[in-house]
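Structure record follows, encoded as structure tokens.
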Amino acid sequence: GTIEIDDAWRLGIDHIAVATGAGKPTIVKMKNNLIRGIRKASDFLMALQLTGAAKKDSLANLMLQLPAIVIGGGLTAIDTTTEAFAYYPIQVEKFLDRYEIAAKDFGDERVFSMYDEEEKEIARTFIEHGKEIRAERKRAAEAGEEPNFVPFVRKWGGVTLCYRKTISDSPAYRLNHEEIIKSLEEGIYYWEKMSPIEAVPNEHGAVKEMIFRKQDKTPEGKYIELDETITLPAKTVVVAAGTSPNVIYEREHPGTFVLDEWKQFFQTYKLGENNTLVKAEKNETGFFTSYSQDGKFITVYGDNHPRYAGNVVKAMASAKDGYKELIKLFKDDIKESQDPALETKYKSLVKTLDSEFLATVKEVNILTPTIIEIVLKAPQQAKKFHPGQFYRLQNYETTAPDIDSSRMMMEGLALTGAWVDKEKGLLSLIILEMWGSSRLCRHLKIGEKVVVMGPTGTPTEIPTGETVLLAGGGLGNAVLFSVAKALKDNGNNVVYFAGYRNTADMFKQDEVEEGTHQVIWSNDFGETIKPRRPQDRAITANIVQAMIAYAEGRLEPDGGKPMYDLKKMNRIIAIGSDRMMKAVQEARYSLLKEHINPVHTAIASINSPMQCMMKEVCAQCLQRHVDPVTGKESFVFTCYNQDQHMDEVDFNNLNTRLKNNSVLEKLTKFWMDHLFKEVNGEFTV
């Protein structure tokens, strides 16, 4: 979202190489495909390595329970099994260490009071397993040998790879059979000829078992399903069933590239005479895409290239082979590479890139006791913003403070742009402090460099000439600042229900009023909010109750008609917690039914768990949809489009998946309380 092709040419870039790696993961068809405990391999491996959950000093949260099952037969599946096997002892030992300190500081009863019954059971299991890992380390140290965790992980359920064919037929075996040998040495179980058909949830909605249908190979070499099924216990399921090439740029900017006949890869070309592009035939290798404009070209490598897709070794081979074709474009420049003018040009380019792309903290504003505004100088990121889009914020590991052997590095936070000043290059992000990483935002320093990726997501649709009801809950109100203003500026009537849990949670009242014709303030607890404009209203109630009271005229001083007739409303946009949006979804067919237009568009901005936010890559943000008419199930990548039709969203599924890492996240809250206590609530780099 930050940079597009034309931006690169404007900045002075001479060539673009598309090496964006694997794209959309394959979604295996099975019942209860997306219940809690089921992840994609891209999600698991990214959280483990890129976010740093495997590091002892990391604050990142990645919860893995045993038994674990990995579905797939490629090298990524093998990698996932061995990483999961190795990570579990690290996870439970780290959990035990932090729990013991938290219990000492705050008391065991207080720590466990955060957890519901399901979470308490998981926490106790982690503590028990952590003690066994600690004891094995002690035994091994006294014996002068390496600790052996394999018997322990296997005793607790182990990690099993399930593949629909035999391992000798798997891509992993064909590409690098030695990885399979090593995985067996490390304790991995294998089940062959197993096709997944159903994930069985427990009473809390999390996976407890996997049902597979057995397969067998016919004399002709074809695999067919048998009537026999096998059920395996599983508290974690990781799907590593392959990915599609990452051609997201062509989907967002249709017509930029020619795709191959299967619409999967970029069509490749060779460089002909006078730098013309010649389509590569099936037996030829080309590295150029179809893009050619004003002497500028774009090449393609790795998983994006049809002849080099599949693994990292092939990706490196594509670079080794492809650079020879690329440098043909610049043979004249290479001869002049010692020209001082080129060095000056390069330094100028670096300076320009630094000024446009490196984000620095300008302001840290405490809006409420738990809501923080970070204003950033991020010119290019601000310039690309459209209402409704969001960003990924992190601090740098290399500059993050270290407290008591814990690195104060954030996990990637998905944060909506509250407002931007495109001329000044300023961007406002608003954060609700929760368990771990979000609490680090108030400790960012003025002038500190941070990572800001985006904007990402699809801009909110802004119609013309409609009456639009906005429903904001808590932090969701920050999202609506820019959306409301864009709606108002585009000739819509904007009536805004701004809901808060407590009166003290209200923030940025000026911004709310600026983008609206009328605001109805509501708060669940505390003193009723006092409106500042004559047309605005307020009530101590939840947001659905506020809508009903408004429609019935109970908020009018004289009991008259409200400013807007909700029966003439064309659109509802709800942004808040999953519970708040579900309440609005259901109320439209019950409590609110007689008060609103029966024909309207209802949109919910979905707050799925997110990680990469690169649009259809890690798949942590997958959201289950169910067609209200046909009952057909589908899945949406929320980081590609967060604004989803309210009636299709499975809010129960969203609610349970938001708890994927809850046991670790809640303990991290106490761990950070301990760390901040050690430095009197403040720390500096």
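The values are calculated or read from the model by the stated rules, or taken from the named source; none is laboratory data. Computed from a predicted structure; not experimentally measured. Cβ coordinates were reconstructed from backbone atoms using ideal geometry, including for glycine residues, and neighbour counts include every protein chain displayed. The area values use the complete protein model at the heavy-atom level, side chains included, leaving out ligands, DNA and RNA. Shrake-Rupley method; radii C 1.70, N 1.55, O 1.52, S 1.80 Å.
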With the cut-off at 24 Å, tell me which of the pairs Lys530/Lys669; Lys282/Lys314; Lys29/Lys193; Lys422/Lys488; Lys31/Lys632; Lys40/Lys449 have Cα atoms farther apart than that. Lys530/Lys669; Lys40/Lys449
Quick one: what are the phi-derived ³J(HN,Hα) couplings along region 38-46, Karplus 6.51/-1.76/1.60 with θ = phi - 60°, whole Hz, x for glycine and proline? 9, 10, 8, 4, 4, 5, 4, 5, 5
Within the chain, helix-based [θ] at 222 nm, where runs of 4 or more DSSP H residues each add -39,500 (n - 2.57), nearest 500: -9500 deg cm²/dmol
In square angstrom, what is the accessible area per residue of region 607-672 with a 1.4 angstrom probe? 33
Kirkwood Rh, angstrom, region 1-136 [1 / mean 1/r, Cα pairs]: 18.2
Report, in whole Å, the centroid distance computed from the Cα atoms of region 47-80 and region 437-483. 30
If you count only protein heavy atoms and use a 1.4 Å probe, how large is the accessible surface of Tyr173, to the nearest 10 Å²? 110
Counting only residues 5 or more places away or on other chains, whose amide H sits under 5 Å from the amide H of Thr2 once H atoms are built in the peptide plane? Gly454
Can you give me the Cα centroid spacing of region 285-347 and region 550-567 in angstrom? 65
Counting only heavy atoms of protein chains, what accessible area per residue, in Å², does region 428-569 have with a probe of 1.4 Å? 40
Using only protein heavy atoms and a 1.4 Å probe, report how much of Leu675 is accessible, in Å² to the nearest 10. 0
Two-decimal Rg/Rh of region 351-465 from alpha-carbon positions, Kirkwood Rh? 0.99
For the chain, the helices passing both cut-offs (Cα extent along own axis of 18 Å or more, Kyte-Doolittle mean at least 0.5, full DSSP H runs) are 476-489
Among Trp262, Trp671, what's the order by accessible area (1.4 angstrom probe), most exposed first? Trp262, Trp671
Cα-based Kirkwood hydrodynamic radius, the chain, one decimal, Å: 27.8
Highest mean packing first, using Cβ neighbours within 10 angstrom, the peptides 288-298, 218-228, 82-92 sort as 82-92, 288-298, 218-228
Accessible area per residue of region 77-146 at 1.4 Å probe, in Å²? 48
Trp521, Trp419, Trp156, ranked by accessible area, largest first (probe 1.4 Å): Trp419, Trp156, Trp521
In the chain, what percent of the accessible surface is made up of carbon and sulfur (1.4 Å probe, ligands and nucleic acids excluded)? 51
Taking Lys and Arg as +1 and Asp and Glu as -1, residues besides Gln264 with C-beta under 15 Å from its C-beta add up to 0
Label region 87-169 by shape, choosing from rounded, prolate and oblate, from the square roots a ≥ b ≥ c of the eigenvalues of the Cα gyration tensor; if a/c is under 1.5 it is rounded, and otherwise prolate applies when a/b is larger than b/c, oblate when it is not. oblate
Surface accessible to a 1.4 Å probe, Leu658 within the full protein complex, Å²: 60
So what's the net charge close to Asp643: Lys and Arg +1, Asp and Glu -1, counting the other residues with Cβ under 13 Å from its Cβ? -1
Which order do Met409, Met569 take by accessible area at a 1.4 Å probe, largest first? Met409, Met569
Can you give the Kirkwood hydrodynamic radius for region 196-255, in Å, rounded to one decimal and based on Cα pairs? 14.9
On full extension of the chain, what length is gained from Lys561 through Phe525, given 0.36 nm per residue of separation minus the C-alpha to C-alpha distance? 10.3 nm
Taking amide hydrogens as modeled 1.01 Å from N in the peptide plane, which residues meet the under 5 Å criterion relative to Ile520, leaving out close sequence neighbours? Tyr496, Phe497, Ala498, Arg537
Treat each spin label as a single point 7 Å out from the Cα along the C-beta direction, and report the Lys347 to Lys314 distance in nm. 4.4
May I ask for the net charge around Lys193, where only other residues with Cβ less than 12 Å from the Cβ of Lys193 are counted and Lys, Arg are +1 while Asp, Glu are -1? 0
